[in-house]
Amino acid sequence: MIEPSIALFGDAFDKVENLLDDLLKQTQARYALLVDRKGFVLVHREALWAPRPPSLDSIATLLAGSISATAALAKIMGESQFNELVQQGKEISLYVHLVGDNALVVILFDTRANLGRVKLFTTKGVAEVNKILEAEKDTPRPELKLDQDFSSGATALLDDLFG
């Protein structure tokens, strides 16, 4: 089973969530996401006024593939990588910025937001997200401990379910 390459817990998750909230306010965008390079949504935030979001998991997966293709294109052109990807539509646009080697910040915005403003504030935010992710690399993952009560309860539920 494929698993995310990054895991955010506790304070690191909260910091990224707050950063994405700030990005939404500064850019007037609809949605802000932190996605790993495998296509998993790690954190997402949406503006209060934004309509119901599209499938963020699908967007993340497709963007991860697009970033991989863009990385191959960069190598063909003699670049180590391209740090940004912009997809502009008539009503909705995407701005994607790489965060280190394993993550992407994705901003979905409409005509209210200016691309220059989105790029400026996202680039600043990416530097902060990168610091958080770098610090998180050295932090051990919390250990999952299941006590006897949980085990007994789960066993009873499974027995009831399957007879």
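Rule-based calculations on the coordinates, nothing more; no lab input. Bear in mind that the values here come from a model prediction, so they are computed numbers and not experimental data. Backbone-built Cβ (ideal geometry, glycine too); neighbour counts: all protein chains shown.
Tabulated results
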read-out: Between 0 and 90°, nearest 10: helix 10-27 axis offset from the chain longest Cα axis; value: 30 degrees
read-out: J(HN,Hα) series, the stretch 96-107, from Karplus relation 6.51 cos²θ - 1.76 cosθ + 1.60, nearest Hz, glycine and proline x; value: 10, 10, 5, 10, x, 9, 10, 9, 9, 9, 10, 10
read-out: Spatially near lysine pairs across the chain, Cα under 27 Å, sequence gap of 8 or more or different chains; value: 25
read-out: Calculated FRET efficiency for the pair T155/K75, C-beta based, R₀ 45 Å, to 0.05; value: 0.30
read-out: Most mobile listed residue (L56, L108, L20) in the chain, GNM with C-alpha springs under 10 Å; value: L56
read-out: Answer label for semi-axes √(5λ) of the Cα gyration tensor in Å (calculated), chosen among (i) 33, 19, 17; (ii) 37, 17, 13; (iii) 30, 17, 13; value: (i)
read-out: Those GluC sites (Glu not before Pro) in the stretch 1-97 that DSSP places in a loop and that have at most 12 other beta carbons within 10 Å; value: E79, E91
read-out: Difference of contour (0.36 nm per residue) and Cα-Cα distance, F9 to K131; value: 42.4 nm
read-out: Under-5 Å amide H pairs with V99, H placed in peptide plane, nonlocal only; value: L104, V105
read-out: Check: the chain dipole with +1 on Lys, Arg Cβ and -1 on Asp, Glu Cβ, in debye; value: 940 debye
read-out: Loop sites in the stretch 59-115: trypsin sites (Lys or Arg not before Pro), DSSP, at most 10 other Cβ within 10 Å; value: K90
read-out: Of Y95, N114, G39, farthest towards positive along the dipole that unit charges on Lys, Arg, Asp, Glu beta carbons give the chain; value: N114
read-out: Highest-MSF residue in the chain out of Q81, Q26, Q148 [GNM, Cα springs under 10 Å]; value: Q148
